[in-house]
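Okay, structure first, notes after.
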Amino acid sequence: MQNIPTLLELYNSILADLEAEYTITFPIFGKLYLKGLAAVQAGKLKIIYLAIGFLQKNIFVDTATDEAAGGTLQRFGRVKLGRNPFPAVAGQYVLQVTGTVGAVIAASTTFKSNDDTQNPGKLFVVDLPFTLTSSPDYVDIRALESGIGSRLNDNDVLTATIPIAGVDAQAAVQSTFVEPLAAETLDDYRRKALLAYQLEANGGAGTDYRLWSLDAQGVEQVYPYAKSGAANEIEVFVEATIADSTDGKGTPTDSILMDVESVIEFDPDATKPLNERGRRPLGVFDVHVLPITVKEVDIIIDGFIGLTAEIEATILAAMEESINLIRPFVASADILADKNNILDTNKIIAVILNARPGSVFGTITLNIDSVAFTTYTFYNGDIPHLNTITYT
């Protein structure tokens, strides 16, 4: 994409054109009408350049901008993905309440999460009137704030915001029946739209499982393989987005796994005829949808000379960026030139030297799940996560 010139560059260019056209030289000082004209024309040209640049960005999905700002990103997504970005989903929970049998919790009654909960100070509402038939009893509540900011754990305690006749003010979360999900970011939406354009349907190859998984919210990537030792069975390992994972490392919730299984079996587009919505290929007996396995990476660097807190932070950031790009290779869906599924001591050394050229240090020890390796290949559902970097 062509660089947009600055106002000063446009202004100087117009002055140069005028000097060349009329064989004149503008003095540095003095009131000159043509200089004012050049400034006005530079402003007009700048607007035209910006409009052309915006148009250039929005004729390609990889650079398209938000529709709310006049861009075309969501339009590309609707054409290829068949949907807008996923909105945030509000969590819904089963709350254990105690009190007098026959007491009524009115609709729109709100509870507030206590200070020691996962997300304190959040409000949750009872949508329908509820009458206690036993003590304890169980009432459904819904987060007033969509997304993961109001996520609760089992046994988190909430307090009613107003007194409820015959019902204790405090109540504990029994279980979750709708997992909260973060809104899909525009960067994630763009990445999935690009995948949809790049991957081609192949009648049940790895690309198909990746294309189908784009219909499930909270999915970062899937890794489909033929199940080892089993005929006509597929294992699909699911990596969740960091925001929607259970551990902040990509491990999906049970709800995300069920959603992936659902979209693999059945197209969620209800506008299609029923007989066109089945997806599982003929001859595939079973599809096992499984969570990825996080492999903790610990690195020990011996004898680093001149180590400072700034150097540690720089190396940590570079190492995290490099390791986060390592993922299992799926031959039927990934580009061979982009294969990046191996972590070894040589790669670690290269990352250190790229982050801090001229660094001097001794041996490197690589531990994967507390076991020492010189090289480790990540396959199936194994996903690396940098746990610690230790200097000795």
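The values are calculated or read from the model by the stated rules, or taken from the named source; none is laboratory data. Everything numeric here is computed off the predicted structure, so don't read it as measured data. Here the Cβ is made from the backbone with ideal geometry for all residues, glycine too, and neighbour counts use every protein chain on show.
A few notes on this one:
- In the range 277-301, the residue that is modelled with the lowest pLDDT out of those that are outside any loop (DSSP other than H, G, I, E, B) and of a type in the set (A, V, I, L, M) is V287.
- Strands (runs of 3 or more DSSP E) wholly inside the range 125-217 that include at least 3 residues being touching a helix residue (DSSP H, G or I) at 6+ places or on another chain (Cβ under 6 Å) and assigned by TED's automatic domain parsing to the domain that holds G248: none
- Only one of L325, L353 that is over 30 Å from Y197 (Cβ atoms) and of a type in the set (A, V, I, L, M, F, W, C): L353
Conditions (1) in contact (Cβ under 8 Å) with a residue 60 or more places away in the chain; (2) on the phi < 0 side of the Ramachandran plot, marked per residue:
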{"residue": "D154", "(1), (2)": "no, yes"}
{"residue": "A160", "(1), (2)": "no, yes"}
{"residue": "G204", "(1), (2)": "yes, no"}
{"residue": "F237", "(1), (2)": "yes, yes"}
{"residue": "I256", "(1), (2)": "yes, yes"}
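Listed here are the residues, each with its yes/no results for (1) in contact (Cβ under 8 Å) with a residue 60 or more places away in the chain; (2) assigned to a helix (DSSP H, G or I).
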site: G303; (1), (2): yes, no
site: E310; (1), (2): no, yes
site: A317; (1), (2): no, yes
site: I323; (1), (2): yes, yes
site: I348; (1), (2): no, yes
site: N354; (1), (2): no, yes
site: V360; (1), (2): no, no
site: T365; (1), (2): yes, no
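- Scope the range 15-70; condition in a loop (DSSP other than H, G, I, E, B), free of Cβ contacts under 8 Å to residues at least 24 places away in the same chain and under 30 Å from E184 (Cβ atoms); matching residues: N58, I59, F60, T65, G70
- With respect to being out of contact with any Phe, Trp or Tyr (no Cβ under 9 Å at 6 or more places or on another chain) and assigned by TED's automatic domain parsing to the domain that holds T345, D302 falls outside the description.
- Of all the listed residues (R327, R356, R279), the sole one being surrounded by 15 or more Cβ atoms within 10 Å (Cβ to Cβ), over 23 Å from V236 (Cβ atoms) and charged (D, E, K, R) is R356.
- Note on the range 332-346: among residues that are of a type in the set (S, T, N, Q) and assigned to a loop (DSSP other than H, G, I, E, B), the one that is farthest from I300 (Cα to Cα) is S332.
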